[in-house]
Every structure is written in structure tokens, then in C-alpha cells.
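The values are calculated or read from the model by the stated rules, or taken from the named source; none is laboratory data. Because the structure is a prediction, the values reported are computed rather than measured. All Cβ positions, even for glycine, are placed from backbone atoms using ideal geometry, and neighbour counts span all protein chains on display.
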Amino acid sequence: MNRRAMLKMAAGSAAAGTVGALGDKCAASAEAAKSAAVAQTYSRATRGMPALKITNVRTIMTCPEGGNYVCVKVETSEPGLYGVGSATLTTRGAAVATAIKEFLAPFAIGKDPTLIEDIWQTAYVSSYWRNGPVLNGALCGLDEALWDIKAKRANMPLYDLLGGKSRFALTTYCHADGKTMEEVSDNVARFVAAGWKHCRIQLGGYGSPILAKTADFKAAGFGEQNDGIQDNWQYIKGTYKLFEFIRKVHGEDLELIHDMHERLEPIEAVNMVRELQKYRLFYAEDALAPEQEHYFRMIREQCTTPLSMGELFSNPLEWTSLISNRLIDFIRIGFNHVGGITPGLKIARLSEAFGVRTAWHGPGNIDPINHVAQGHVDLTIPNFGIQEDVDLGWGEKVQEVFPGCPQMKAGYMYLNDKPGLGIDIDETQAAKYPFPPFPNGTGFRFPIRKPDGTQIRP
Ligand code: MG
């Protein structure tokens, strides 16, 4: 190799070395920038978020389509960050609103909303006398709003925060009623055609008052003309016939539910549930009044008809032993009557341990915020059973007041995937629908009586 060629080669390799060194330097700095960005993201995600305080707890009462809804809005020190919760108690909404305004709001304002468990526990015992649907309703409003805030802060739908989905949507049951067996059957057919696989069937409403032959008490001038009538045996006999008819028309695959609504004498309920076994119920609902729940053991000794219970419960003593003794198959409490998502999750986990599934209370006279809150838990837990729904969907006015209502489709309930609960309250819309005055609104229940005038529970 001549000198010129050697110099050229040396220059070439020097240049190549420079380029190589520069390239390494660039790659290293890109890598460092990437690591710094990752570190920053990690730090942002894991460092303590700015301190947060509850600045206001407000009650919003609205009755858009006959449901006396009491809702709670919890505002925080972070601009625009708030949560909503349900405090609905259909029959005594004003009492819940008073409990929130006079006691719970002053208790909560100034506290850190991220400490949900501590706030729940301290609020729960702050009255010394605890439980009951009024105090639990108020507590539920606060609790659900705090979970809404926490999940919004985490920028994820609540079901994600609770462990993620265990199913794509929630199986629901519809409500088929009618004045005749044919009318009930037609309504069942309508729901089946729309995709439902589970139907609750009733003949002429709870306790089938249309089957009662006489209201002797009215003729005798006892009670009030508006008082309801129920003849227990006519109701029981009519329900057997209804099941026979519906099974004959709709076959053996349809899942059937019947709500006894805690109205019979305990021994009548034992007999009725046993007789219904041949119609293969998905479950018999609320067979006994809460005061008579010890009769569940007798029902279990007589038959294996699945049982659901709990919509009137508001005290842990009412559900703990029924679940842990495996005396029911479905727990049916409503979050708004037990204090919110925090106790609802615990009831779900307790039930899971004993093979009991959930069937949270969910009629249309409970506001959609509570339906959504229960739905988030339903989506995640392994022992979800079924969800009561608002059949063909929430009415237009309710959807205007509550943007983000769950959607019903072909026997399933769907929640959206927005951060938090995914539901809000439009306060301008809500103000259009004030509560009707008591007792003419839905807040009053007329007594239901036996033909001789004896009051029937509930
Ligand atoms: Mg019921």
C-alpha cells in the first residue's frame, strides 16, 4: 500500500470512528431521555397526589318519573372534581335529606375524601345509634360519591379500580305482571322476544289483590277505602296456577322468579316455597318478613327451591347469619339501604365465601346512581348472580336528569367506561321535578289488609 492509500484508509477509519462515537453518544442520550421520561411518568403515577379536601356535601332531590330520588353531590378542593351518590329511601326521602344536611355534611366537610374506609367507619359510629335505612341512606350518598371521586382521580371506571371485569355485562331479570294469566304470559313473550332469559312473574301485583274475593273490613267501615286487600290462600293458589300456565306456554328453559314480598304468615310461606319447587324457580324472592327470618331454616329442611332475601335489610345482623349458615342462595340488599359500596363489597365477599350469589335490589324507584354503583361491583365479583333492572330502559326524563344511565339490551345491563361511576346529575333538569307532597306522592304506602282488616306486612 502506498502512503497516499494508507493516509486515505487512516482518515476513513478515523472518520468512521468519529461517526461511531457520535452515534453512540446520540443513542445514549436518547436512552437517557427515555429513561427520564419513564421515571417521570412513574413518579407522577406513584407519588402522593395533591392533598384533597371535601368542601361541600349537597343533597339533590328529584322526582322525574315517579321515583322520589335523593342524591348527594360531594365537592372537593380540586376544581371540577366532585362525586355523586345515591341516598334514595323511597318512602322517607325527606328524613334522609335532613340527616345529610344536619349531620353528615358538617361531619364530612374538611375531611380527606380519599380515606373512604376511615370516613365510612367514623361516620357510621358518629351517631352512636347506627344502622337503619335513614342513616344508611345518607351514608350511602356520601360513600358512593367518595368512590366516584377516587375512580375519577385514578382516571378509570370504578369496576377497573375494584379489580376489573369478570363478565362483559350484567344478566338481568324483567318483571312480567298482568291481570290475567294470559296477560302475564303475553308480557313474558314480549320480554323473551326482546332477549330476556329471566322473568319475574306476578299475577295482579304483590299478593294478587285481584284474587281476593271480599274486603269485609271495608263493608264494616274498618280502615280506609284506599287500603289494599290480600287473601293469602287465594294468592297462593293463584300463583301455583300461574306457574303451571307459564311453564306450559313457555317451556322448561325460561328462568322464573316470583316475589312473595314478605307478605305471608311464616308457615304459609314454607308451604308455598315447597310447592313451587316443581316449577324449577330461579329463586323465590323475599319469602319471609325480616322479623321472621329464622323460618328460612325450616324452608331449607323442606325443599331446595333457591331463595333470595334482603331488600328490607339495613342491619348486618339481618344478613350475616343467613349467609354464613347458607340459608339463602342470593343476597338482595340495596347499597342505598346498607350504607353504600364499602359495605356492599364486604357483603359480596362474605357471600362468596359461603357460595351465596348477589341479586342486589334494583327497581325503577331507586335512582340510577345506585344502580350504577351496584353494577360496578356486579361487574367485578365472581359470585354475581343476577341484577334486577328497569326492564326496557330508563325513561327519557330520568336519562336527562342522570346522564350516563345504564343501558338495558336483550336481558343485559351495560355500564359505560367513563372514569368514576360514569353517571352524573344535571341539576337544572333535576330541579324541574320536585317531590310530590307527602302522603299523596310515592312516599306513602297504604295498609294492606286481610279480609277481616288485619294489617299485612310490609
Ligand atoms: Mg322484592
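Quick grid of which residues meet (1) touching a helix residue (DSSP H, G or I) at 6+ places or on another chain (Cβ under 6 Å); (2) not hydrophobic (A, V, I, L, M, F, W, C):
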site	(1), (2)
G339	yes, yes
F354	yes, no
G375	no, yes
T380	yes, yes
I386	no, no
P403	no, yes
A410	no, no
I425	no, no
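Selection of first residues in region 426-455 that are exposed (fewer than 13 other Cβ atoms within 10 Å of the Cβ) and modelled with pLDDT under 95 and of second residues that are among the polar types (S, T, N, Q) and part of a loop (DSSP other than H, G, I, E, B), restricted to Cβ pairs under 6 Å at least 6 apart or on distinct chains, gives the following pairs, ordered by first then second residue: F446/N226. Test L312 against the criterion of being within 12 Å of the ligand (Cβ to nearest atom), among the hydrophobic types (A, V, I, L, M, F, W, C) and touching a residue at least 60 places away in the same chain (Cβ under 8 Å), and give yes or no. Spelling it out, L312 is indeed within 12 Å of the ligand (Cβ to nearest atom), among the hydrophobic types (A, V, I, L, M, F, W, C) and touching a residue at least 60 places away in the same chain (Cβ under 8 Å). Scanning region 231-280 for residues that are in contact (Cβ under 8 Å) with a residue 60 or more places away in the chain and on the phi < 0 side of the Ramachandran plot yields a total of 12.
If the condition is being touching an Asp or Glu at 6+ places or on another chain (Cβ under 9 Å), of a type in the set (A, V, I, L, M) and at pLDDT 95 or above, then region 26-85 contributes L52, I54, V57, I60, V70, V72, V74, L81, V84. Going residue by residue through region 365-378, is there one that turns out to be within 16 Å of the ligand (Cβ to nearest atom) and modelled with pLDDT under 95? For region 365-378, residues within 16 Å of the ligand (Cβ to nearest atom) and modelled with pLDDT under 95: present.
So, G385, is that one surrounded by 15 or more Cβ atoms within 10 Å (Cβ to Cβ), over 18 Å from N68 (Cβ atoms) and touching a Gly at 6+ places or on another chain (Cβ under 9 Å) or not?
Working: surrounded by 15 or more Cβ atoms within 10 Å (Cβ to Cβ): yes; over 18 Å from N68 (Cβ atoms): yes; touching a Gly at 6+ places or on another chain (Cβ under 9 Å): no.
Considered against the rule, which asks whether it is surrounded by 15 or more Cβ atoms within 10 Å (Cβ to Cβ), over 18 Å from N68 (Cβ atoms) and touching a Gly at 6+ places or on another chain (Cβ under 9 Å), G385 comes out as no.
Hey, any hits in region 331-345 for a residue that's farther than 23 Å from L135 by Cβ and within 16 Å of the ligand (Cβ to nearest atom)? No. So for region 276-287 (the condition being within 15 Å of the ligand (Cβ to nearest atom), crowded, with 22+ Cβ neighbours inside 10 Å and in a loop (DSSP other than H, G, I, E, B)), does at least one residue qualify? Yes, that holds for at least one residue.
Candidates G339, G334: the one that is without any contact (Cβ under 8 Å) to a residue 60 or more places away in the chain and under 14 Å from the mean Cα position of the chain (by Cα) is G334. Flag set for I333, criterion: in the same structural domain as Y283 (by TED's automatic domain parsing) and in a loop (DSSP other than H, G, I, E, B).
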